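Taking it in order: structure first as structure tokens, then the write-up.
The values are calculated or read from the model by the stated rules, or taken from the named source; none is laboratory data. Nothing here was measured: the structure is a model prediction, and the numbers come from that model. Quick reminder, even Gly has a Cβ in these numbers, built from the backbone with ideal geometry, and neighbours come from all protein chains shown. Areas reflect the complete protein model, heavy atoms only, side chains present, ligands, DNA and RNA absent. Shrake-Rupley method; radii C 1.70, N 1.55, O 1.52, S 1.80 Å.
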Amino acid sequence: MLNNPRSIIAIVPAAGVGSRMGADIPKQYLMLGQQCILAHTLDSLLSHAEIDQVVVALHPQDNYFSQLPQSHHSKLTTVVGGGERADSVLAALDFVESINPEAWALVHDAARPCVTHQDITKLIESVNLHPQGAILAAPVRDTMKRSDTNGNIIHTVDRALLWHALTPQIFPVSVLRHHLSAALAAQVPITDEASAMEWAGVMPGLVNGRMDNIKVTHPDDLQLAALFMSQQ
Ligand SMILES: Nc1ccn([C@@H]2O[C@H](COP(=O)(O)OP(=O)(O)OP(=O)(O)O)[C@@H](O)[C@H]2O)c(=O)n1
Ligand SMILES: C[C@](O)(CO)[C@H](O)COP(=O)(O)O
């Protein structure tokens with residue numbers, strides 16, 4: 001449980017087109033077992049006892065979401081997303097700030113359906129140690145190489161302190177909205193919430209997360225996600 005029990009509002013950026021997946025529909029609507037990727041992700045968040053609300057950022061031309069049973073859930077609200085993931089998150093933060101500026105924002109990719117309640121709880125509880133906010137992350141386990149633009153190895157990178165940033169990532173709503181908005185206005189490249197906080201000089205905590213909490217990005221990720229889901 002949290003020492004300072006503020007509300008926790010999940011934000012789900014789900015307005016992407018899934019270009020790297022190369023499917024004929026946005027990847028978050030591809031089937032994974034009995035339901036689509038986004039439905040699995042929403043089930044995990046909507047059923048977590050400490051998450052009070054879920055705000056989903058949708059593509060302006062999304063005509064799939066309303067067909068999901070989860071779309072009628074009483075804890076769920078939608079906003080219109082933006083051109084980049086960060087814009088979609090900011091659109092959701094604008095809404096959340098207007099209804100509950102004291103809340104925690106727990107931002108989780110629609111494309112990460114394998115997240116477990118155990119990892120979500122672990123991240124939520126980590127704010128007792130990291131009041132500035134924290135992210136789920138997995139230590140790099142392979143030897144890491146840096147290449148030139150032609151795909152030739154330049155050198156091996158020290159992996160001792162390298163992590164894969166995952167989601168969810170949790171930050172105070174008003175602080176994250178302020179720094180994300182300023183970073184985007186300064187045209188800083190922002191690919192996760194932590195990078196906006198880092199740009200502002202905040203050092204988010206790293207919380208060890210499961211490596212099966214993969215982001216379904218390329219076609220071969222689908223089979224892997226299905227395998228992980230079948231083992232949960
Ligand atoms: N303008 C955007 C772009 C992405 N996302 C969401 O951010 C998450 C992570 O982004 P990514 O995996 O890159 O998804 P896409 O942008 O759809 O994929 P691609 O980059 O291959 O097009 C996804 O759940 C995606 O729906 C979003 O809400 N708004
Ligand atoms: C937020 C994220 O999933 C953390 O690893 C990642 O940055 C999303 O990147 P993408 O290029 O939008 O898939």
Which percent, to the nearest 5, of DSSP beta bridges fully inside the chain are antiparallel?
45
Is the shape of the chain best called rounded, prolate or oblate, per the rule: a/c under 1.5 gives rounded, else a/b larger than b/c gives prolate, else oblate, with a ≥ b ≥ c the square roots of the Cα gyration tensor eigenvalues?
rounded
Please give the length that would be gained between A182 and Q35 if that part of the chain were fully extended, namely 0.36 nm times their separation in residues minus their C-alpha to C-alpha distance (nm, one decimal).
49.2 nm
Answer rounded, prolate or oblate for the stretch 189-232, using the Cα gyration tensor with square roots of eigenvalues a ≥ b ≥ c: rounded when a/c is under 1.5, else prolate when a/b is larger than b/c, else oblate.
oblate
Mind checking the full-extension length gain between S174 and T77? Use 0.36 nm per residue of separation minus the Cα-Cα distance, one decimal, nm.
33.1 nm
How would you classify the stretch 140-232 from its alpha-carbon gyration tensor, with a ≥ b ≥ c the square roots of the eigenvalues: rounded for a/c under 1.5, else prolate if a/b is greater than b/c, otherwise oblate?
oblate
Surrounding net charge for A49, when Lys and Arg each add one and Asp and Glu each subtract one, Cβ distance under 13 Å
-2
Extension reserve of the I25-L129 stretch, reckoned as 0.36 nm per residue once the Cα distance is removed
33.3 nm
Reachable lysines, given that their alpha-carbon falls under 28 Å from the alpha-carbon of K27 and they are not under 8 places away in the same chain
K75, K122, K215
Roughly how many debye, to the nearest 20, is the charge dipole of the chain about its Cα centre, given +1 on each Lys and Arg Cβ, -1 on each Asp and Glu Cβ, and no other charges?
280
Compare Y64, Y29 by solvent-accessible area with a 1.4 Å probe and give them largest first, with all protein chains kept in place.
Y64, Y29
Counting only protein heavy atoms with a 1.4 Å probe and every protein chain in place, the carbon and sulfur fraction of the accessible surface of the chain in whole percent equals 53
Accessible area per residue of the stretch 106-232 at 1.4 Å probe, in Å²?
51
Of the options P60, L162, N128, report the single residue whose Cα projects farthest towards the positive end of the charge dipole of the chain (beta-carbon charges: Lys, Arg +1; Asp, Glu -1).
L162
Under 8 Å for C-alpha pairs, at least 6 residues apart: give me the relative contact order for the chain, rounded to a whole percent.
24
Environment charge at I8 (Cβ cut-off 14 Å; Lys +1, Arg +1, Asp -1, Glu -1)
-1
With a 1.4 Å probe and every protein chain left in place, work out the accessible area per residue of the stretch 1-96 in Å², rounded to a whole number.
46
Estimated distance in nm for a label pair at T121 and Q223, the labels positioned 7 Å out from Cα along Cα-to-Cβ
3.4
If amide H atoms are built 1.01 Å from N in the plane of the peptide, which residues on other chains or at least 5 residues away come under 5 Å of the amide H of T77?
V54, V55, V56
